[in-house]
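Everything on this sheet refers to the single structure shown next.
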2 protein chains.
Amino acid sequence: MTADAASFDLAPGFRAAAVACGLKAGGALDLALISADRPCAAAGVFTANRVKAAPVLYDQEVLASNAPAIRAVIANSGCANACTGPGGMADTRRMAALTAESLGCGAEQVLVLSTGVIGRRLDMTKVAAGIAAVTSTGAQMGAPAAARAILTTDTRPKTAGADLTMGGRRVAIRGFAKGAGMIHPNMATMLSVVTTDAALPPAALRAALRAAVARSFNRVSVDGDMSTNDTVLLLASGAPAGAVAESDLAAFTAALTEACTSLARQIARDGEGATRLVEIAVTGARDEAEAHRVADGIARSSLVKTAIHGGDPNWGRVLAAAGCSGAAIDPDRLTLALGDAGNALTIVRNGLPAAFDEREASSRLRDDPVYLHLDLGLGDGAATAWTCDFSAEYVTINAHYTT
Amino acid sequence: MTADAASFDLAPGFRAAAVACGLKAGGALDLALISADRPCAAAGVFTANRVKAAPVLYDQEVLASNAPAIRAVIANSGCANACTGPGGMADTRRMAALTAESLGCGAEQVLVLSTGVIGRRLDMTKVAAGIAAVTSTGAQMGAPAAARAILTTDTRPKTAGADLTMGGRRVAIRGFAKGAGMIHPNMATMLSVVTTDAALPPAALRAALRAAVARSFNRVSVDGDMSTNDTVLLLASGAPAGAVAESDLAAFTAALTEACTSLARQIARDGEGATRLVEIAVTGARDEAEAHRVADGIARSSLVKTAIHGGDPNWGRVLAAAGCSGAAIDPDRLTLALGDAGNALTIVRNGLPAAFDEREASSRLRDDPVYLHLDLGLGDGAATAWTCDFSAEYVTINAHYTT
């Protein structure tokens, strides 16, 4: 489910707060704290970029040694703390240490997230004052404020949740995310914190998170660029229990995938300059991995996305993008439809243009979401990817990001 | 050398002509004929897209059986004849047959090129009349007209040449190309015909062409999209001779690479919406292939290209693009400079921002060409790639291409 951002709350056992510490201009919220009432289990998935920001390297280190006993996440926007060398890593460690000191826990129990401009050092005077404020009672309390504090070029906060029953107990999953540009697998370039009161050890959380990310955040492309800071954290406040039943873990993974998919769709919809969400379903591939390659190839095609923006049913671009994805394709078996399942308009059948009404096709491309369905006619592999249309506004946003 | 498009001519032994047959609106030239006075040797390199246009499949067939005795190339713009099924293939064969009939040669001696909108059938009534006209004396004779007739969204013709001595004889290489959108390796999405009066058999031409394309057309990206129609043809009119000396073939390959590089740079400079050429030199990679991956990753980054458009020295995007290229990178060894070799401004040294004047850096990004030089500090591998800046005009051009 998509949670209403204004009434959004974290899962039981977690609190959130946010302040404006001055990293972002105009007094916008830019520092968020997510804290657990008790040490909780955690897992993370991180960018595959070889240029990794200091907080990514730091969090990987913390989770390697201390995943069962995390107490807090401190997150700033306005500065990515990437390409900042040993000084940047010292800044990340200091963020964790200051947060830990205020909360009365160990620095090795605090995770750090940063997002914003690459290549600039954090203003640690502002950050230190911000951490003092956000850990005090004066901070704007609540998850909606935290969800806003991690945004950069996003136009709206992204929150989602799912509920399920595990071992006879109701369990909540509640998460929020940011991301609008530099969005591409692996993984969708963003930050996300997902909380749950499920009782799961780190290994189970890791398995569930990897599976969920593979079918949600890793299926989003805004601009084909992959960031240095991508991080999804999953924190579980449930009291330690015995072995987890296989079926409970499967149910949890499914619910987590649902919540992450909602966040991923919200990220694509809020892509820089976007006016609508585009959902690309590929079926009939030899396997799921090949279906994903094709869907991803279409999702990252600037030509497909500009055509959608203009409502131009230039379907040859979709076929061309599929053809150079690297997946097996038989051009004579391709079938392409626009619109969702109940109301699909077939525009290519077996590789050749079908008789379709151009105006009707154009109108499907102005829907929000736009649905493209490409069937490869080769097998049972299926995958869905999300992107957005591509407008001139994307260029305007990105031509002067740091100046 | 960049040949002046107005006085451009093919190599000795070849003639060109062009007419407007009505495939393009407004009476623009849209059908070109390149003919050889005698049967000549030929080689081709084609798109790696699995969705291949009819003329690509047809030319591959012709060159497989008849590469030593080609007589003509017939080329149209305004319609790509891609995704057109068996009917489209019949149209391509008919173009070859009609051309052959007029010229008095066999259809299997005629190569065909098409470019334009994907998924529409050729208007063969117009094409047939055009072939009758272009093979008659009434056609606008000359290579400059042919170079214009293959353009689509290009704003200018692209011509180039190189000269060398082989076996004591002066040899000319003269070529032209089109391409502005859907440009990406492998190979740069375009059409090109290169002629020479060198005496080389098809196998030598193939080897030289593959080597030249690898370092020229395959190093250009405008938008990361790969077309269904990419074709480079090399035709050699030299009289059959004995075995080719190794050193002559090396000299020919170097000269051909020079001519193709000039065409590739012209394609990048004329990328849809482009206001300047961007040359990306990567050095210090483990090998040339890895250097190419990094240069290509930077060349296709929308974020890098929009930043250049805005004159914004947002160098973190360059490092992030390098980091997700898949090549080996040590972030602490990256050095980035703007400007050409004699006048370079270092902005990142060993992964950290150097002390540089932002205004000076911004001014380097407004040069034409813009030079980026990234040194990886790992080995001797080097490669250069070309792209263009990314403006809002790209979106305008592509949002309504068929409507």
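Of the residues making up segment B:359-387, those that are in a loop (DSSP other than H, G, I, E, B) and more than 25 Å from the chain's Cα centre (by Cα) are B:Leu376, B:Gly377, B:Leu378, B:Gly379, B:Asp380. For segment B:334-367, the set of residues classified as closer than 24 Å to B:Ala274 by Cα, in contact with a helix residue (DSSP H, G or I) (Cβ under 8 Å, 6 or more places away or on another chain) and either touching a residue at least 24 places away in the same chain (Cβ under 8 Å) or charged (D, E, K, R) (or both) consists of B:Leu336, B:Leu338, B:Gly339, B:Leu365, listed by residue number.
Reported count of residues in segment A:355-378, each being surrounded by 15 or more Cβ atoms within 10 Å (Cβ to Cβ) and touching a Ser or Thr at 6+ places or on another chain (Cβ under 8 Å), is 7. Among the numbered conditions (1) crowded, with 21+ Cβ neighbours inside 10 Å; (2) at pLDDT 90 or above; (3) within 23 Å of the chain's Cα centre (by Cα), the only one that B:Leu336 does not meet is (3). In segment A:379-395, the qualifying residues are those that are modelled with pLDDT of 75 or more and within 12 Å of another protein chain (Cβ to nearest Cβ), and the one that is surrounded by the fewest Cβ atoms within 10 Å (Cβ to Cβ) is A:Glu393. The lone criterion from (1) closer than 18 Å to B:Val220 by Cα; (2) touching an Asp or Glu at 6+ places or on another chain (Cβ under 8 Å) left unmet by B:Arg317 is number (1).
Taking the residues in segment B:81-92 that are assigned to a helix (DSSP H, G or I) and within 13 Å of another protein chain (Cβ to nearest Cβ) as candidates, determine which candidate is surrounded by the most Cβ atoms within 10 Å (Cβ to Cβ). Across segment B:81-92, the extreme among qualifying residues is B:Gly88.
When the strands (runs of 3 or more DSSP E) confined to segment B:96-184 are screened for residues that are among the polar types (S, T, N, Q), away from chain A (no Cβ under 14 Å) and buried (at least 24 other Cβ atoms within 10 Å of the Cβ), those reaching at least 1 such residues are found at B:158-166. Is it the case that some residue within segment A:350-370 is within 7 Å of another protein chain (Cβ to nearest Cβ) and either touching a Lys or Arg at 6+ places or on another chain (Cβ under 7 Å) or basic (Lys, Arg) (or both)? Scanning segment A:350-370 turns up at least one residue that is within 7 Å of another protein chain (Cβ to nearest Cβ) and either touching a Lys or Arg at 6+ places or on another chain (Cβ under 7 Å) or basic (Lys, Arg) (or both).
A:Glu290 meets all of the listed conditions (1) away from chain B (no Cβ under 14 Å); (2) part of a helix (DSSP H, G or I); (3) more than 19 Å from the chain's Cα centre (by Cα); (4) touching a residue at least 40 places away in the same chain (Cβ under 8 Å) but one, namely (1). Scanning segment A:311-326 for residues that are within 8 Å of chain B (Cβ to nearest Cβ) and either within 25 Å of the chain's Cα centre (by Cα) or in contact (Cβ under 8 Å) with a residue 24 or more places away in the chain (or both) yields A:Gly311, A:Asp312, A:Pro313, A:Trp315, A:Leu319, A:Ala321, A:Ala322, A:Cys324. Considering (1) facing chain A (nearest Cβ under 8 Å); (2) more than 22 Å from B:His292 (Cβ to Cβ); (3) part of a strand (DSSP E or B), the lone condition that B:Thr346 does not fulfil carries the number (1).
B:Thr261 - would you say it is more than 30 Å from B:Gly85 (Cα to Cα), β-branched (Val, Ile, Thr) and surrounded by fewer than 24 Cβ atoms within 10 Å (Cβ to Cβ)? Yes; evaluated as a whole, the condition is true for this residue.
The values are calculated or read from the model by the stated rules, or taken from the named source; none is laboratory data. Keep in mind it's a predicted model, so treat the numbers as computed, not measured. Neighbour counts are summed over all protein chains in view; Cβ atoms, including those assigned to glycine, are modelled from backbone coordinates with ideal geometry.
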